[in-house]
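Visitor: I have a structure I would like to understand better, so I am pasting it below and will then ask my questions one at a time.
The values are calculated or read from the model by the stated rules, or taken from the named source; none is laboratory data. Since this is a predicted model, take the numbers as computed values, not measurements. Neighbour counts run over all protein chains shown; Cβ positions are idealised from the backbone, glycine included.
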Amino acid sequence: MTGELEGREKWLWIYRTGLHGQCPRCGEGRMFRRWLKVSEHCEVCGLDYDFAAPDDGPAFFSLCFVAFPLLFLVVWFEVAANPPWWVHLFTSLPLMIVPCLLVLHPIKGWLVASQYVNKAQEAGTDALWAGLNARAKGKAASESDA
């Protein structure tokens, strides 16, 4: 499906599949087997998720676009109301933590879908990634035989 997408359609496909945690190839299978754990492959089309390496991207975007703006609200609350520390414990702390955790899953899905659709990887690393993945799969196979 993704081979013929260009421009706005490509962006909408990444957005829809990534934010909903669907397979970026077929749009039907699930990308995640647990909350932030990417599946090994799509159960519908068989896409191998070895390419998926969002690393610290979800945490970075969560902090930049969610935590940083909320920090202004928490500081304003402190300056305007000057509450005791325990009030911050029950208001500010959950206000900072919960939204940051809630957006991690959609952001990670969006990054994995973007990597697949845009065929993103570092330049000149094809052979290195192929060797690393072959070694990791060989090691996993030998451990399961033992």
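Visitor: Which number in (1) in contact with a strand residue (DSSP E or B) (Cβ under 7 Å, 6 or more places away or on another chain); (2) modelled with pLDDT under 95; (3) not polar (S, T, N, Q) marks the one condition that ALA53 misses?
Guide: Every condition holds for ALA53 apart from (1).
Visitor: A further question follows. Just give me the residues in segment 106-133 being buried (at least 16 other Cβ atoms within 10 Å of the Cβ), aliphatic (A, V, I, L, M) and modelled with pLDDT under 95, in sequence order.
Guide: Answer for segment 106-133, where residues must be buried (at least 16 other Cβ atoms within 10 Å of the Cβ), aliphatic (A, V, I, L, M) and modelled with pLDDT under 95: just VAL117.
Visitor: Continuing with this model, one more query. I'd like to check something: does segment 99-109 contain any residue that is within 20 Å of LEU47 (Cα to Cα), under 22 Å from the mean Cα position of the chain (by Cα), among the charged types (D, E, K, R) and assigned to a helix (DSSP H, G or I)?
Guide: Yes; the residues of segment 99-109 include at least one that is within 20 Å of LEU47 (Cα to Cα), under 22 Å from the mean Cα position of the chain (by Cα), among the charged types (D, E, K, R) and assigned to a helix (DSSP H, G or I).
Visitor: Kindly check whether there is at least one residue in segment 30-42 that is surrounded by 14 or more Cβ atoms within 10 Å (Cβ to Cβ), among the aromatic types (Phe, Trp, Tyr) and over 13 Å from the mean Cα position of the chain (by Cα).
Guide: no
Visitor: Now, a different point. Any chance segment 60-80 includes a residue that's farther than 21 Å from LEU95 by Cα, out of contact with any Lys or Arg (no Cβ under 7 Å at 6 or more places or on another chain) and surrounded by fewer than 14 Cβ atoms within 10 Å (Cβ to Cβ)? Can you show your working first?
Guide: Initial filter on segment 60-80 (farther than 21 Å from LEU95 by Cα): none.
There is no residue in segment 60-80 that is farther than 21 Å from LEU95 by Cα, out of contact with any Lys or Arg (no Cβ under 7 Å at 6 or more places or on another chain) and surrounded by fewer than 14 Cβ atoms within 10 Å (Cβ to Cβ).
Visitor: Okay, next question. Give TYR15, TYR49 a once-over and let me know the one that is on the phi < 0 side of the Ramachandran plot, touching an Asp or Glu at 6+ places or on another chain (Cβ under 7 Å) and in contact (Cβ under 8 Å) with a residue 40 or more places away in the chain. I'd like the intermediate steps shown before the answer.
Guide: On the way: TYR15 fails: touching an Asp or Glu at 6+ places or on another chain (Cβ under 7 Å).
After ruling out the rest, the residue left standing is TYR49.
Visitor: Okay, moving on. If the requirement is being aliphatic (A, V, I, L, M) and either closer than 19 Å to GLN115 by Cβ or modelled with pLDDT under 95 (or both), which of these qualifies: VAL103, VAL74?
Guide: Details: VAL74 fails: either closer than 19 Å to GLN115 by Cβ or modelled with pLDDT under 95 (or both).
Every option except VAL103 fails the conditions.
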